[in-house]
1. Are any residues in region 94-109 among the aliphatic types (A, V, I, L, M) and surrounded by 18 or more Cβ atoms within 10 Å (Cβ to Cβ), and if so, which ones?
2. Within the bounds of region 131-138, is there any residue that is in contact with a strand residue (DSSP E or B) (Cβ under 6 Å, 6 or more places away or on another chain) and under 18 Å from PRO64 (Cα atoms)?
3. Residues that are loosely packed, with under 13 Cβ neighbours inside 10 Å, modelled with pLDDT of 55 or more, in the same structural domain as SER143 (by TED's automatic domain parsing) and closer than 30 Å to TYR149 by Cβ: does region 41-55 have at least one?
4. Within region 81-96, work out how many residues are on the phi > 0 side of the Ramachandran plot and in contact with an Asp or Glu (Cβ under 6 Å, 6 or more places away or on another chain).
5. If you scan region 123-145, which residues turn out to be surrounded by 14 or more Cβ atoms within 10 Å (Cβ to Cβ) and either among the acidic types (Asp, Glu) or part of a strand (DSSP E or B) (or both)?
6. State whether the residues of region 153-164 include one that is within 24 Å of the chain's Cα centre (by Cα) and either modelled with pLDDT under 95 or in a strand (DSSP E or B) (or both).
7. Can VAL86 be described as assigned to a strand (DSSP E or B) and buried (at least 18 other Cβ atoms within 10 Å of the Cβ)?
8. Here is a list: GLU58, GLU91. Which entry is surrounded by 13 or more Cβ atoms within 10 Å (Cβ to Cβ) and modelled with pLDDT of 95 or more?
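The values are calculated or read from the model by the stated rules, or taken from the named source; none is laboratory data. All values reported here derive from a predicted model rather than from experimental measurement. Quick reminder, even Gly has a Cβ in these numbers, built from the backbone with ideal geometry, and neighbours come from all protein chains shown.
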Amino acid sequence: MGFRARNVSAILLILLGAVGCAPGAGPQAIAGPLLSSEIAPISPQVPIPTFCPTATPEPLWVDPVLSPTGREAQTIVVYLGNGEAVTVTCESGTFTQTGSFGAYWPARVKIDLLPDTIHHLRVDGRVRRIEQGGCLYGGYTLSTNRDRYGAPLIIVRRTDLPTSWLPIVLKER
């Protein structure tokens, strides 16, 4: 088979030389222009789609709140993987903390509490959008109204409660 292929190539070169190539031109000069004009134009390459693996969902955990309380404010501790913003909404308003948060670096959102009011908290955490290897991840919001143990995020502020607790030490006689 290899012998026949070489013979066909040699015959093709002889025929191409008879078509009108300059005498003394080598096979490289003959094969170049004639063969390239016979080839159909190459279509533009279609981009190969990038395979993006499914990302693991980011965690959203909220530490338990202190309730009932006599305090005018409370700090809500929120753990959010790849977080960029945490918003706490309740009866006293909307409170937002921005920054770079993670599962080990929590957001701390200080909220004000209205007197003699039951506050129902809703925590929203926005996950940072990340581009990696041509794939986009994140860019979504997680929400909860429960703490990390499943208890509802409810704070009751009562004005008849003391704002701080002092230990009482009794001395026996």
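1. Restricting attention to region 94-109, the residues satisfying the condition of being among the aliphatic types (A, V, I, L, M) are 103, 107, 109.
Within region 94-109, ALA107, VAL109 qualify.
2. Taking region 131-138 and keeping what is in contact with a strand residue (DSSP E or B) (Cβ under 6 Å, 6 or more places away or on another chain), we get 137-138.
With the extra rule that they be under 18 Å from PRO64 (Cα atoms), the set shrinks to none.
Taking every residue of region 131-138 in turn, none turns out to be in contact with a strand residue (DSSP E or B) (Cβ under 6 Å, 6 or more places away or on another chain) and under 18 Å from PRO64 (Cα atoms).
3. Looking through region 41-55, none of the residues is loosely packed, with under 13 Cβ neighbours inside 10 Å, modelled with pLDDT of 55 or more, in the same structural domain as SER143 (by TED's automatic domain parsing) and closer than 30 Å to TYR149 by Cβ.
4. Here is the first cut: in region 81-96, the residues on the phi > 0 side of the Ramachandran plot are 82, 93.
Subsequent filtering for residues that are in contact with an Asp or Glu (Cβ under 6 Å, 6 or more places away or on another chain) retains 82.
Summing the residues that are on the phi > 0 side of the Ramachandran plot and in contact with an Asp or Glu (Cβ under 6 Å, 6 or more places away or on another chain) in region 81-96 gives 1.
5. VAL123, ASP124, GLY125, ARG126, VAL127, TYR137, LEU142, THR144
6. No, every residue in region 153-164 fails to be within 24 Å of the chain's Cα centre (by Cα) and either modelled with pLDDT under 95 or in a strand (DSSP E or B) (or both).
7. Working: assigned to a strand (DSSP E or B): yes; buried (at least 18 other Cβ atoms within 10 Å of the Cβ): yes.
Spelling it out, VAL86 is indeed assigned to a strand (DSSP E or B) and buried (at least 18 other Cβ atoms within 10 Å of the Cβ).
8. Numbers: GLU58 fails: modelled with pLDDT of 95 or more.
Step by step, each of GLU58, GLU91 is checked, and only GLU91 is surrounded by 13 or more Cβ atoms within 10 Å (Cβ to Cβ) and modelled with pLDDT of 95 or more.
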